[in-house]
Amino acid sequence: MAHKIYQNLAHLDTFPSDLNYTGIVFDGWDHPINVIPILVLSVCFIFGGLPRSVLSVWVLMNAAFIHLWMDGLIGLTGMGPKYLADEYAVLDSRYWPTKDSGVMIISILELVVMGPLCIFWYIAISQKCWCRHFLCLITSTFQLMGSLLYVLCEIWDGFKHLPEKESWPPTFDSYIKLKYFWLVFVFLNSFWINIPLLLYWSTWQQMKPNKEKQT
């Protein structure tokens, strides 16, 4: 059955019926998987308190929403809000229905490595623990490598898993191109490439010996 909204997306013709977009935004929000962000936020607030900087907000968002819940569980399993699961399939058929091994491994790493690292990183930032620089470097490395693999593999494949792949190169003449290619694939993915690079530089500056103290 063809996709109900984006009927021109051929790769959704075999999309699992239980994940097909229903037109109801809140369908699937009662799934137990949606408790994950609340649990993560609770742990972070109990042991680290409220966020006190832009960096802590970035880390908290990645821990509670991006790595563990969205990419880690919804993108990997298709469970949870059907609207979000369907959006993953529209954005990139490597999630659904093909379940590309590379993208699935990245999602698993987000679930079992990046998400927990962000929780520890957030607490370390809040408590000004000595290990916050180490956690920054290792977590940013996972984020950077995961994003580069995700983006570069799709470029290598000729963008064949993205919507409206038959009209290439993408322009700005349709809602699907604007949203899924330019906004999500290009603009949003750039955050998980550029921000880790900025954090490398910022952490390096903070770890450099203070010459004034040495003298």
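The values are calculated or read from the model by the stated rules, or taken from the named source; none is laboratory data. Note that the structure is a prediction, hence the values are computed from the model and not measured. Every residue, glycine among them, receives a Cβ derived from its backbone with ideal geometry; neighbour counts consider all protein chains shown. Side chains are part of the model used for accessible areas, which takes the heavy atoms of the whole protein and leaves out ligands, DNA and RNA. Shrake-Rupley method; radii C 1.70, N 1.55, O 1.52, S 1.80 Å.
Once neighbouring chains are kept in place and the probe is 1.4 Å, which whole percent of the accessible area of the stretch 59-181 is contributed by carbon and sulfur? That fraction is 74 percent.
Here the Karplus curve 6.51 cos²θ - 1.76 cosθ + 1.60, taken at θ = phi - 60°, turns the phi angles of the stretch 57-64 into couplings of 5, 4, 5, 5, 4, 5, 5, 7 Hz, with x standing for Gly and Pro. For the stretch 111-188 versus the stretch 30-81, the spacing of their alpha-carbon centroids is 16 Å. Using only Cα coordinates, the Kirkwood hydrodynamic radius of the stretch 100-155 works out to 12.0 Å.
Excluding ligands, DNA and RNA, what is the solvent-accessible area per residue of the stretch 22-170 at a probe of 1.4 Å, expressed in Å²?
In whole numbers, the stretch 22-170 has 48 Å² accessible per residue.
Taking every pair of Cα atoms in the stretch 39-158, average 1/r, invert it to obtain the Kirkwood radius, and report Rg/Rh to two decimals. Write down the numbers at each step before the final one.
On the way: Rg = 15.2 Å, Rh = 14.9 Å.
Rg divided by Rh gives 1.02.
For the listed peptides 89-101, 114-126, a ranking on the average number of other beta carbons within 10 Å per residue, highest first, reads 114-126, 89-101.
Only protein heavy atoms count here; on that basis, with a 1.4 Å probe, Lys179 has an accessible area of about 40 Å².
I'd like the Kirkwood hydrodynamic radius of the stretch 94-215, using the inverse of the mean 1/r over distinct C-alpha pairs, in Å.
16.7 Å
Extending 7 Å from Cα along the Cβ direction at Ile193 and again at Trp29 yields two label points whose distance is 3.3 nm.
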